[in-house]
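Working notes for the structure below.
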Amino acid sequence: MNYTELKEKIVAAIEANRAELTALNDDLADHPEISGQEYETSRKIVELLNAHGFETEYPFEGLATAFKGVYGANDHKYKIAILTEYDALPEIGHACGHCLSGSISILAALATKDLQEELNADIHIIGTPIEETDGAKCAMVEKGVFDGYDMAIMVHLYNASLLTPKLQGLASFMYEFQGKAAHASAAPWEGKNAFNAAQLMFHAVDMLRQHSKLDAQFHGIIRNGGEAPNIVPEKVALEFYIRALDKRYLQELIQKVDDCAKGAAIATQTTWSKYPTAPAYDNMKANPTGVAALAEIYEELGIVVNGDSEKIFGSSDAGNVSFACPAFHPCLQVTEPDVPIHTRAFADAMKTERAHQALSDGAKIIALQIAKIFSDEEKIQAMQEDFARN
């Protein structure tokens, strides 16, 4: 089949399965489960895949709420991963739209499962939970899950449409200062003030901002600041997020923040240590060939790219996948521009008519990206060359 014929089959399959996935989305929106607790959510998705003839591995890679779905003989030349997110946020439910994003991925898998022979590609559906906290994709990348794939893709919901968002690398650490307790009035000279060290570190990081590139960001909080005012604080912990658009520059910034901790400890005669509080998120590796294909698809579907491509989107473990194989994370508008993600208003938008249309459009974006690239050997080669070069 040529691309036009593949497109016709994809659109027909999406329409045939749209009602079932709309019901799934609405159900997940009504029953959100936070990161690491997506037990019922993942079970419902796996049961749906099994009903459509997929062989599933569940749990997957030691993660209780992760899964992998494979349809057919799994013996083709190329391998594609459709990434599926489905965790919610505490208190505000699916305010990042993962109920809809996950349903989009499943609908795209159903629309492409019977085209594997034509594309000479196995299309796997990978359930990647815990995106909002520890990032299951990070662990999967470390274990080599995506090393054998030729492409990975998902769609994220947003208040604008983008071909690719600007993802920052993100590292998070707990910094701990150890001092010496003493009576703050009777013998303060006997103490070594860990809280003073924490204050100095905050000031040092604030000064570091002035001499960092514009994409660098630092966010910090004090986790504990002492036991009582009349006790010199003996142990104080600070948690910092450090972000940058390039993973190499991120490593440079981490070293500089470490120096801030070291200097604060020296000045206060305390000691310091640190440990990561979550796996590091990478930036999104560029792939011009794949993004150009997405641009063609958006135009075919009449989707206007109206988002600011230079605006920082945030961080995602999808960035880590992009360093293991060519990966794509396009965004689809589902609310008005004044409704940002991670708000109650965004969560409320997940069952609207607009969201239900986004379900169909998002599945088409994924499925047509697969068809457009893997029906053209030149595009496959160009995508692979972009991945190797960037």
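The values are calculated or read from the model by the stated rules, or taken from the named source; none is laboratory data. None of these values were measured; they are calculated from a predicted model. Don't worry about glycine lacking a Cβ; one is built from the backbone with ideal geometry, like all the others, and counts go over all protein chains shown.
Quick look at the numbers
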{"quantity": "Residue match in the range 326-337 (condition: assigned to a helix (DSSP H, G or I), more than 14 Å from A293 (Cβ to Cβ) and not β-branched (V, I, T))", "calculated": "no"}
{"quantity": "Criterion (in the same structural domain as N320 (by TED's automatic domain parsing) and within 23 Å of G62 (Cα to Cα)) met by exactly one of K113, K143", "calculated": "K143"}
{"quantity": "Tabulated pairs, the range 295-324, first in contact (Cβ under 8 Å) with a residue 40 or more places away in the chain, second assigned to a loop (DSSP other than H, G, I, E, B) and among the acidic types (D, E), C-beta under 8 angstrom, 6+ apart or interchain", "calculated": "I312/D215; S316/E131; D317/E131; G319/D282; N320/D282; S322/D282; F323/D282; A324/D147"}
{"quantity": "Which listed residue is free of Cβ contacts under 8 Å to residues at least 12 places away in the same chain and hydrophobic (A, V, I, L, M, F, W, C), from I221, I266, I254", "calculated": "I266"}
{"quantity": "Count of residues meeting criterion [buried (at least 22 other Cβ atoms within 10 Å of the Cβ) and aliphatic (A, V, I, L, M)] in the range 310-346", "calculated": "6"}
{"quantity": "Unique residue being in contact with a helix residue (DSSP H, G or I) (Cβ under 8 Å, 6 or more places away or on another chain), more than 20 Å from L100 (Cβ to Cβ) and either of a type outside the set (A, V, I, L, M) or surrounded by 15 or more Cβ atoms within 10 Å (Cβ to Cβ) (or both) when the list is K351, K364, K379", "calculated": "K379"}
{"quantity": "Within the range 1-31, considering residues that are part of a loop (DSSP other than H, G, I, E, B) and not aliphatic (A, V, I, L, M), the one surrounded by the fewest Cβ atoms within 10 Å (Cβ to Cβ)", "calculated": "N2"}
{"quantity": "Some residue of the range 117-126 being aliphatic (A, V, I, L, M), on the phi > 0 side of the Ramachandran plot and touching a Ser or Thr at 6+ places or on another chain (Cβ under 6 Å)", "calculated": "no"}
{"quantity": "Test: G93 is surrounded by 24 or more Cβ atoms within 10 Å (Cβ to Cβ) and of a type in the set (G, A, S)", "calculated": "no"}
{"quantity": "Unique match (being in contact with a helix residue (DSSP H, G or I) (Cβ under 7 Å, 6 or more places away or on another chain), surrounded by 20 or more Cβ atoms within 10 Å (Cβ to Cβ) and either over 26 Å from A382 (Cα atoms) or touching a residue at least 12 places away in the same chain (Cβ under 8 Å) (or both)) among F67, F60", "calculated": "F67"}
{"quantity": "Members of the range 32-49 that are surrounded by 24 or more Cβ atoms within 10 Å (Cβ to Cβ) and not in a helix (DSSP H, G or I)", "calculated": "E38"}
{"quantity": "Answer from K256, K213 - the residue that is surrounded by 16 or more Cβ atoms within 10 Å (Cβ to Cβ), basic (K, R) and within 30 Å of L167 (Cα to Cα)", "calculated": "K256"}
{"quantity": "Residue that is modelled with the lowest pLDDT [pool: residues in the range 232-256 that are in contact with a strand residue (DSSP E or B) (Cβ under 6 Å, 6 or more places away or on another chain) and assigned to a helix (DSSP H, G or I)]", "calculated": "K247"}
{"quantity": "The listed residue being surrounded by 14 or more Cβ atoms within 10 Å (Cβ to Cβ), of a type outside the set (K, R), closer than 18 Å to F177 by Cβ and modelled with pLDDT of 95 or more, out of T277, T289, T271", "calculated": "T271"}
{"quantity": "Among (1) more than 30 Å from A160 (Cβ to Cβ); (2) small (G, A, S); (3) in contact (Cβ under 8 Å) with a residue 12 or more places away in the chain, the one test that S35 misses", "calculated": "(1)"}
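So that you can scan it fast, the table gives a plain yes or no per residue for (1) part of a helix (DSSP H, G or I); (2) at pLDDT below 95; (3) buried (at least 24 other Cβ atoms within 10 Å of the Cβ); (4) not hydrophobic (A, V, I, L, M, F, W, C):
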position	(1), (2), (3), (4)
A108	yes, no, yes, no
E118	yes, no, no, yes
P129	no, no, yes, yes
T133	no, yes, no, yes
V141	yes, no, no, no
E176	no, no, no, yes
